[in-house]
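The values are calculated or read from the model by the stated rules, or taken from the named source; none is laboratory data. All of these numbers come straight from a predicted model, not from anything done at the bench. Neighbour counts run over all protein chains shown; Cβ positions are idealised from the backbone, glycine included. Keep in mind that these areas ignore ligands, DNA and RNA; they rest on the heavy atoms of the full protein, side chains included. Shrake-Rupley method; radii C 1.70, N 1.55, O 1.52, S 1.80 Å.
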Amino acid sequence: MDTYDGKSVFDGIAIGKVSVRKKAGQHVKREKIEDINAEIARYKRAKRRAIEQISSLYEKTFRELGEANAAIFKAHQMVLEDNGYNDSVEDLICAQEINAEYAVASTADNFSRMFAAMDDDYIRERAADIRDVSERVLKILRGVAGEGAAAGEPSVIVADDLAPSEIMQFDKDMVLSFVTVRGSLSSHAAILAGTRGIPALVGTPLPLDDTVDGKLGIVDGTEGKIYVDPDKETLARMQKRQREEMERKELLQTLKGRESVTADGKKVMLYANIANIKDLAAVLQNGADGIGLFRSEFIYLEKEDYPTEEEQFQVYKKVAEAMAGRRAVIRTLDIGSDKQCPYFQMEHEENPALGCRAIRICLARPGVFKTQLRALFRASAYGKIAIMYPMITSVKEVRRIQEIADLVKAELAEQGIEFGEPEQGIMIETPAAAIISDELAKEVDFFSIGTNDLTQYTLAIDRQSMKLDEFYDPHHPAVLRLISMVVENAHKAGIWAGICGELGADQALTREFLAMGVDGLSVSPGNILPIRKIVLETNVEEYKAGRHNP
């Protein structure tokens with residue numbers, strides 16, 4: 001038996017035959033051409049065909065995994081529409097009178113090398129996207145058919161690395177697990193593998209040869225290990241864990257429809273975080289009490305121009321109607337930082353996480369903001385919509401928001417357009433907002449604590465930088481104290497406070513949040529039932545007593 005350690009993308013146990021996937025490799029030969037215009041036309045035809053293929057992958061991903069994950073292929077399409085990329089290919093063809101294949105390969109090498117040299121881990125991972133897109137164009141130029149998943153029995157797929165397009169081309173019923181030698185947790189491929197909900201590892205130093213291929217493999221996504229050709233004892237132990245995991249999942253299904261009430265009678269709202277209306281089915285299937293975070297920015301990110309009021313209204317209305325009286329908290333536009341929207345034509349910023357983003361953009365561009373608010377207020381007539389404003393740092397901002405909201409309602413009333421009176425709340429995701437939460441609580445109907453940014457700003461650590469993983473501690477006492485302070489100040493003012501960041505799904509903290517008095521947790525749909533189980537089994541007063549008297 002051989003054991004290899006990797007970084008876990010998604011937990012769980014997978015047992016099956018290992019299938020090593022080796023890329024054929026595309027050795028590109030430099031060739032002299034006679035007709036430059038014909039060669040450029042050949043490249044453009046291949047590029048159009050590649051865009052068509054990527055568009056099909058986008059639609060497939062959109063249907064299966066939702067809009068947020070499909071956005072990966074929007075990024076791929078943008079590579080092929082980028083002037084810098086295309087100018088490089090065409091300039092090489094013209095200046096050196098070379099074949100399109102060699103020009104594409106050279107451009108891919110240059111661009112991916114440039115991205116790979118960046119300090120930022122997230123940007124560095126985009127080098128893989130450049131290579132993926134360029135390999136697609138090369139295959140089309142050479143007339144090579146795309147590779148699908150190999151037929152046969154369900155397998156543990158092992159590879160040096162996997163591109164997002166490869167992940168989506170696999171038949172999901174034929175894949176038990178993904179394990180790659182290279183790659184990072186922030187790579188697009190890792191994100192897609194995790195979203196598919198199967199055990200997956202990256203950064204796993206195992207050989208890609210006959211010592212692995214065809215052997216029985218066990219992937220332990222929880223511990224971050226893969227066992228190749230396991231001994232009888234290990235196989236029996238892991239099979240037992242796999243059965244226990246299946247039984248646990250089946251047991252969780254019995255919790256659907258149950259109220260999220262602690263053993264000593266405290267009602268907790270368990271909401272779902274979603275990015276688009278395609279995710280509504282998952283909200284209902286997992287028995288969520290409502291939606292705690294609808295990321296409206298994806299309506300903007302999938303567009304090539306500003307979405308109209310009517311387009312937004314139709315989306316928000318569907319959300320309201322689907323929830324059938326349950327609360328749906330919709331966050332207003334939150335772009336900037338790591339989410340860029342080209343048609344907004346934002347100026348380059350040295351530190352976008354601290355720059356013009358979220359509510360700052362909305363207040364700086366009131367026309368865009370009013371369009372969204374009109375759509376939200378109109379949709380609130382069809383269900384229990386709540387509006388949430390991100391990245392708040394001051395009472396002044398909240399009052400300015402309310403002025404604009406009042407103006408929107410007055411305009412709708414004057415025009416005879418029906419609208420509702422939704423709850424209006426704010427995200428607490430800056431230390432400034434947490435510290436003055438006693439004052440902010442007097443201005444709004446609820447708080448939702450965005451722990452991702454709150455942790456980042458409190459610890460002064462870029463949460464996307466893997467170099468700082470050892471310093472990034474979401475359980476840091478300062479973060480937990482700020483959360484507790486916010487909840488306490490909310491309750492003093494008679495409003496509710498929930499958590500919608502990643503910490504909400506951290507089961508090690510669920511009881512601690514209940515003890516703090518957190519009114520609701522909003523997590524990905526798949527985390528609803530495991531969190532509900534903890535809620536139902538917890539006696540909050542007993543836990544608090546034990547915490548103070550160990």
Would it be correct to say that GLU470 is under 26 Å from the mean Cα position of the chain (by Cα), under 25 Å from ARG327 (Cα atoms) and not small (Gly, Ala, Ser)? no
Grab the helices (runs of 4 or more DSSP H) fully contained in segment 395-501, keeping just those with 3 or more residues being of a type outside the set (D, E, K, R). 395-414, 431-435, 451-459, 477-492
Please note which helices (runs of 4 or more DSSP H) are completely contained in segment 33-129 and include at least 3 residues that are at pLDDT below 90 and closer than 22 Å to LEU301 by Cα. 36-65, 67-81, 83-96
Residues in segment 348-360: is at least one touching a Pro at 6+ places or on another chain (Cβ under 8 Å), assigned to a strand (DSSP E or B) and either buried (at least 20 other Cβ atoms within 10 Å of the Cβ) or on the phi > 0 side of the Ramachandran plot (or both)? no
Taking the condition touching a Pro at 6+ places or on another chain (Cβ under 9 Å), among the acidic types (Asp, Glu) and modelled with pLDDT under 85, does ASP279 pass? yes
Which numbered condition in (1) touching a Leu at 6+ places or on another chain (Cβ under 9 Å); (2) at pLDDT 95 or above; (3) part of a helix (DSSP H, G or I) is the only one that ALA379 fails? (1)
Please go through segment 171-192 and give me each residue that is crowded, with 24+ Cβ neighbours inside 10 Å, modelled with pLDDT of 85 or more and not small (Gly, Ala, Ser), ordered by number. PHE178, VAL179, THR180
Looking only at segment 210-250, and only at residues there that are in contact (Cβ under 8 Å) with a residue 60 or more places away in the chain, closer than 20 Å to GLY197 by Cα and among the aliphatic types (A, V, I, L, M), the one that is surrounded by the fewest Cβ atoms within 10 Å (Cβ to Cβ): MET238
Enumeration of residues in segment 535-550 that are part of a helix (DSSP H, G or I) and crowded, with 18+ Cβ neighbours inside 10 Å: VAL535, VAL540
Residue count, segment 284-306, condition free of Cβ contacts under 8 Å to residues at least 40 places away in the same chain and either surrounded by fewer than 19 Cβ atoms within 10 Å (Cβ to Cβ) or of a type in the set (Lys, Arg) (or both), comes to 3
Just to be sure before I move on: is LYS318 assigned to a loop (DSSP other than H, G, I, E, B) and touching a residue at least 12 places away in the same chain (Cβ under 8 Å) in the structure I sent? no
Unmet requirement for ARG374, which otherwise passes all of (1) touching a residue at least 40 places away in the same chain (Cβ under 8 Å); (2) among the basic types (Lys, Arg); (3) within 30 Å of THR538 (Cβ to Cβ): (3)
Can you tell me which residue in segment 312-353 is farthest from the chain's Cα centre (by Cα), limited to those that are among the hydroxyl-bearing types (Ser, Thr, Tyr) and modelled with pLDDT of 90 or more? TYR316
Against the definition (touching a His at 6+ places or on another chain (Cβ under 9 Å) and not basic (Lys, Arg)), how does LEU509 come out, yes or no? yes
Would you mention how many residues in segment 507-520 are open to solvent by less than 40 Å² (accessible area, probe 1.4 Å) and outside any helix (DSSP H, G or I)? 5
